[in-house]
């Protein structure tokens, strides 16, 4: 009986503590937008759509419902499938349909079946979003790198 009481008390304490730990995907959590390019490696989204390997120079992002904002600005809606678009923040428009899955993958499902990301065309270090399925192995993905509160 005593052992059962101790066990029940321990489980209650664990469940209370677990409930107090917020999910890293909770509203108000910030992250850095990381592009994982199979050719050029891991980079972060920096100002003016430029990629940077220096995390301290990366834009701070947040997901407000399903609207992605980085550096306080949103992203324009992408043209029809098949286009490769420079991934730059816009001061006037924001696209909806963004999400972050349980493996921290950033996806955009606003009318497109899939979106891939690349660093540069040629030697440029700009971040590009690709909605056309050709050459999928040459394009990468995007990850949320969560910023921990101090």
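Residues checked against (1) modelled with pLDDT of 90 or more; (2) within 25 Å of residue 119 (Cβ to Cβ); (3) touching a helix residue (DSSP H, G or I) at 6+ places or on another chain (Cβ under 8 Å):
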{"position": "2", "(1), (2), (3)": "no, no, no"}
{"position": "18", "(1), (2), (3)": "no, no, no"}
{"position": "21", "(1), (2), (3)": "no, no, no"}
{"position": "31", "(1), (2), (3)": "yes, yes, no"}
{"position": "64", "(1), (2), (3)": "no, no, no"}
{"position": "73", "(1), (2), (3)": "no, yes, no"}
{"position": "80", "(1), (2), (3)": "no, yes, no"}
{"position": "88", "(1), (2), (3)": "no, yes, yes"}
{"position": "92", "(1), (2), (3)": "no, no, no"}
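Restricting to segment 119-150, give me the number of residues that are assigned to a strand (DSSP E or B) and modelled with pLDDT of 85 or more. Step through it out loud before you land on a result.
Taking segment 119-150 and keeping what is assigned to a strand (DSSP E or B), we get 119, 126-130, 140-146.
With modelled with pLDDT of 85 or more added as a condition, the list becomes 119, 126-127, 140-146.
The number of residues fulfilling the criteria is 10.
The values are calculated or read from the model by the stated rules, or taken from the named source; none is laboratory data. Owing to the predicted nature of the structure, the values given are computational and were not obtained by experimental measurement. So basically every Cβ, Gly included, is an ideal-geometry build from the backbone, and we count neighbours across all protein chains shown.
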